[in-house]
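A.B. asks: The structure follows.
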Amino acid sequence: MKADEQMKETVLKGKNISFKYGNSIILENCNFAVEQGDFTVLIGANGSGKSTLLKICLGLLNPYNGEIELFGKPIKEFKDWDKIGYVSQRIDAFNKGFPATVEEVVKSPLYAKSKFFNRDKKLIDGLTDKALDIVGMQDYNKRLIGRLSVGQQQRVFIAKALVNNPTMVFMDEPTAGIDNKSEKEFYNLLNELSNDKGITIIMVTHDYTDVKDMVNKVFCLTDGQIAEQCADIPD
Ligand SMILES: Nc1ncnc2c1ncn2[C@@H]1O[C@H](COP(=O)(O)OP(=O)(O)OP(=O)(O)O)[C@@H](O)[C@H]1O
Ligand SMILES: [Mg+2]
């Protein structure tokens, strides 16, 4: 290991994480660590608990045993949520009449952030435009989100996750519904964010082959256990 790698801050740590829905155990004693700048993928079969694990890391679900640390702090004490972006797994397309425009969706995390942002419309609009530009959706900013195609909606949610300039992003199958060409462009973008800006990425994907040259860490969930680098990674 290189000297500079040894210095890297651990930005996410799971210690003995165990989780169940009702009586059904999903995760058992999972230990893992992600360092600053890691491009990490989490793979595993349908139902293995990938989305559940991401939600635990984000404090949206509580494990019955174990602890998550974010940027060195127990999650209960962690306050810098604007450092973190999240694209959840797409469940369903938006209702056609959902009353928000693309730009309203993308800028919503900025309004939640601070009084400073609330007063500075120019800054908010600038950050929103930049995030929409990254995903190629700037021409759609005034459109109702519900009237977009599923893949376009997904791009908007990726823009929303990036609008705060987060230092760590969690993405749960972010390219589901996105066509092949755009998917490749999106992975290149993630690679750039990781290499140039040192953003830490934790991504659930079923397309490991497409990203294997970019990622430096692979976690695999099987039977409630997490393993780093699994033996049966598809080639
Ligand atoms: N809210 C819930 N209540 C009860 N069981 C749930 C709930 N959410 C998920 N499960 C179950 O927990 C297990 C893990 O689900 P999870 O969504 O984390 O899997 P996943 O690895 O993300 O799957 P996929 O690849 O299909 O997205 C599954 O068996 C699922 O049916
Ligand atoms: Mg899932």
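The values are calculated or read from the model by the stated rules, or taken from the named source; none is laboratory data. Just so it is clear, the model here is predicted, and its values are computed rather than measured. Reconstructed Cβ throughout: ideal geometry from the backbone, glycine too, with neighbour counts over all protein chains shown.
A.B. asks: Looking only at region 120-141, filter to residues that are farther than 12 Å from Val105 by Cβ and at pLDDT 90 or above; which one of those is surrounded by the most Cβ atoms within 10 Å (Cβ to Cβ)?
C.D. replies: Leu127
A.B. asks: I would also like to ask the following. Any idea which of (1) over 15 Å from Met171 (Cβ atoms); (2) within 16 Å of ligand 2 (Cβ to nearest atom) is the one Ile68 doesn't satisfy?
C.D. replies: The number of the failed condition is (2).
A.B. asks: Related question: Return only the number of the condition from (1) within 16 Å of ligand 1 (Cβ to nearest atom); (2) over 22 Å from Glu104 (Cα atoms); (3) modelled with pLDDT of 85 or more that Ala176 does not satisfy.
C.D. replies: Only one criterion in (1) within 16 Å of ligand 1 (Cβ to nearest atom); (2) over 22 Å from Glu104 (Cα atoms); (3) modelled with pLDDT of 85 or more is unmet by Ala176, namely (3).
A.B. asks: Considering only residues that are among the aromatic types (Phe, Trp, Tyr) and away from ligand 1 (no atom under 14 Å from the Cβ), look in region 13-53 and name the one that is surrounded by the most Cβ atoms within 10 Å (Cβ to Cβ).
C.D. replies: Selected residue: Phe39.
A.B. asks: Name the residue that is surrounded by the fewest Cβ atoms within 10 Å (Cβ to Cβ), counting only residues in region 158-203 that are within 24 Å of Lys8 (Cα to Cα) and among the acidic types (Asp, Glu).
C.D. replies: Asp196
A.B. asks: Right, something else. Quick one: is Ile56 closer than 26 Å to Ser194 by Cα and outside any helix (DSSP H, G or I)?
C.D. replies: no
A.B. asks: Counting only residues that are within 15 Å of ligand 2 (Cβ to nearest atom) and part of a loop (DSSP other than H, G, I, E, B), which one in region 199-223 is nearest to Lys181 (Cα to Cα)?
C.D. replies: Here the answer is Asp207.
A.B. asks: Now a separate question. Which number in (1) away from ligand 2 (no atom under 16 Å from the Cβ); (2) over 22 Å from Val218 (Cα atoms) marks the one condition that Ile17 misses?
C.D. replies: That leaves (2) as the condition not met.
A.B. asks: Determine if region 69-81 includes at least one residue that is part of a loop (DSSP other than H, G, I, E, B) and under 20 Å from Met137 (Cα atoms).
C.D. replies: For region 69-81, residues part of a loop (DSSP other than H, G, I, E, B) and under 20 Å from Met137 (Cα atoms): absent.
A.B. asks: Can you say whether Ala112 is of a type in the set (Gly, Ala, Ser), modelled with pLDDT of 90 or more and surrounded by fewer than 19 Cβ atoms within 10 Å (Cβ to Cβ), as far as the supplied structure shows?
C.D. replies: no
A.B. asks: Consider region 54-64. How many of its residues are among the basic types (Lys, Arg) and more than 9 Å from ligand 1 (Cβ to nearest atom)?
C.D. replies: Final tally of qualifying residues: 0.
A.B. asks: When you scan region 160-173, how many residues do you find that are basic (Lys, Arg) and within 16 Å of ligand 1 (Cβ to nearest atom)?
C.D. replies: 0
A.B. asks: So which pairs qualify, if the first residue must be in region 204-218 and of a type in the set (D, E, K, R), the second must be surrounded by fewer than 15 Cβ atoms within 10 Å (Cβ to Cβ), the Cβ gap must be under 7 Å, and the two must be at least 6 apart or on different chains?
C.D. replies: Filtered contacts from region 204-218: Lys217/Glu228.
A.B. asks: So Asp196 clears everything in (1) away from ligand 1 (no atom under 16 Å from the Cβ); (2) at pLDDT 90 or above except one condition, right? Which one?
C.D. replies: Only one criterion in (1) away from ligand 1 (no atom under 16 Å from the Cβ); (2) at pLDDT 90 or above is unmet by Asp196, namely (2).
A.B. asks: Do you know which residues across region 31-52 are more than 10 Å from ligand 2 (Cβ to nearest atom), over 19 Å from Val211 (Cα atoms) and either in contact (Cβ under 8 Å) with a residue 40 or more places away in the chain or part of a loop (DSSP other than H, G, I, E, B) (or both)?
C.D. replies: Across region 31-52, the qualifying residues are Asn31, Phe32.
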